[in-house]
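Data block below; observations after.
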Amino acid sequence: MKVLWVALVVFVCAGACLVLAQTRVAAGSPSGGGVRFEAPKEFFGPLPYPSGIVAGDINHDGFPDLAVIGSGQHGHGTVAVDLYIAIGKGDGTFHPWYPVPSARNPFTVALADMNLDGSVDAITTSADDVVVALGDGYGFFPSSTESGTNSNLITSLSVTDLNGDGYPDIVGTDTQFLGGSKNGVLVKLGNGKGGLGGTRAFPSGGVLPQTLAVGDFNNDGIPDVVVANNGQLGTLGNVAILLGKGDGSFQPAMSFSAGTRPQDVAVGDFDGDGNLDVAAVVGDHGGSVSVLLGAGDGTLKASRNYLAGANPKRIAVADFNGDGKLDLVVTNANFLGSVSVLLGNGDGTFQAPVSFRVASTPVQIVVADINHDGKPDIVTAGAAFGLISVLLNSTPFPGTAKR
């Protein structure tokens, strides 16, 4: 493997610990640190400025498809913001993009079966409304439902059953909820037919919530959320947990220090103790990953920080080398473009990051088995010309032949 640069990090401990690490960036078809990816497959996305990317099987063929939301310049200087779908071929490539109904000027997107018909639907949100485009199982969305939000800017979106009625609900971060009071977590309960009820919102526990993730942090069987609060005007930001009550509402947020300006979060059991843990992208030391282990009672332990690449933006969790231990991947939203993989040790700690080239300025990421070989692959969407990069996982998993 050709190493382009190596950065040696000094161990620091002041509130949160920064782990001594070497960061490697590999060229060509790299391998390193026990994980491998083929050289990236790159193609143009539907719009030059993506604000979200998700994956799901939209047409029931068993292969992941992509949904991308973003904005682009149209004729006479007008800007259109749209949702597009690309159907996967199952070999790491995709059919051409086509548009589907979406919210007006949408900023977030999710795929889920909102009307319980067995087919994936597309949910988009904006400052004004939420649109659920109902899928027919063949890749098309012939009808949709719409409901208002009274919101300013929904910056992330998840789908889960918050009140235990068997119907999927939506929950998102919102920088101005219900009457102008900023920094909230917004909830709309589903009716099982694709429709959504009224908007409820709860304080996020910090300033400028950016993203959230859903999990059961106190092991009571009820979904909770963790929020990345970015902070502003001198505030460092934090991550906060809102424990669900099981009726679609939440207990008051509990905030935890994670470093400066958290902007994305992901969850998983990183130390194998049966409790959910949190990993957040933060601004410390030019950009790093903060890991907070869960205590199982809804609280988080002190954070431990790991370097990623330059200007990390988004984070995802998967087992990339098949050892049964969860790993992290972070997009490095710089001009050169890369993702950094931090392999988990299974005890809540992570190895030095190994970075792999993708198209310039990757600002969005999704992990899915794109070529149907049983290994998690990585797809990024870049802010430079909207280029999509597909990294197919070529790591020899235990008990499998080398690709």
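The values are calculated or read from the model by the stated rules, or taken from the named source; none is laboratory data. Everything numeric here is computed off the predicted structure, so don't read it as measured data. Neighbour counts run over all protein chains shown; Cβ positions are idealised from the backbone, glycine included. Please note that ligands, DNA and RNA were not included when accessible areas were found on the heavy atoms of the full protein model with its side chains. Shrake-Rupley method; radii C 1.70, N 1.55, O 1.52, S 1.80 Å.
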Worksheet, complete the sentence: Length gained, Phe43-Thr93, 0.36 nm per residue minus C-alpha separation, equals 17.1 nm
Practice prompt. Would you please put 353-361, 135-143 in order of how densely packed they are, using the mean number of other Cβ atoms within 10 angstrom per residue and starting with the highest?
Written response: 353-361, 135-143
Worksheet item: Roughly what % antiparallel, to the nearest 5, for the DSSP beta bridges in the chain?
Response: 95
Worksheet item: Between Asn334 and Gln232, what is the FRET efficiency for a Förster distance of 22 Å, r being their Cβ-Cβ separation, to the nearest 0.05?
Response: 0.45
Practice prompt. At a Cα cut-off below 15 Å, give the aspartates and glutamates reachable from Lys325, other chains included and same-chain residues fewer than 8 away excluded.
Written response: Asp269, Asp271, Asp273, Asp277, Asp347
Response to the item:
Semi-axes in Å, largest first, for the chain (Cα gyration tensor, √(5λ)) are 30, 27, 20
Practice prompt. Would you mind computing, in nm to one decimal, how far apart the modelled labels at Ala302 and Leu116 are, each placed 7 Å from Cα along Cα→Cβ?
Written response: 4.8
Discussion item. Name the residue from Asn305, Gly45, Thr125 whose Cα lies farthest towards the positive end of the charge dipole of the chain, charges +1 on Cβ of Lys and Arg and -1 on Cβ of Asp and Glu.
Written reply: Asn305
Worksheet item: Assuming a viscosity of 0.692 mPa s and a temperature of 37 °C, what translational diffusion coefficient in µm² per second does Stokes-Einstein assign to the range 108-220, Rh being the Kirkwood radius over Cα pairs?
Response: 231
Item to complete: Determine the shape class of the range 233-309: with a ≥ b ≥ c the square roots of the Cα gyration tensor eigenvalues, call it rounded for a/c under 1.5, and otherwise prolate if a/b is greater than b/c, oblate otherwise.
Response: oblate
Item to complete: Report relative contact order for the chain in percent, whole number only (criteria: Cα-Cα under 8 Å, sequence separation at least 6).
Response: 15
Discussion item. I'd like to check one number: the per residue accessible area of the chain, probe 1.4 Å, reported in Å² as a whole number.
Written reply: 38
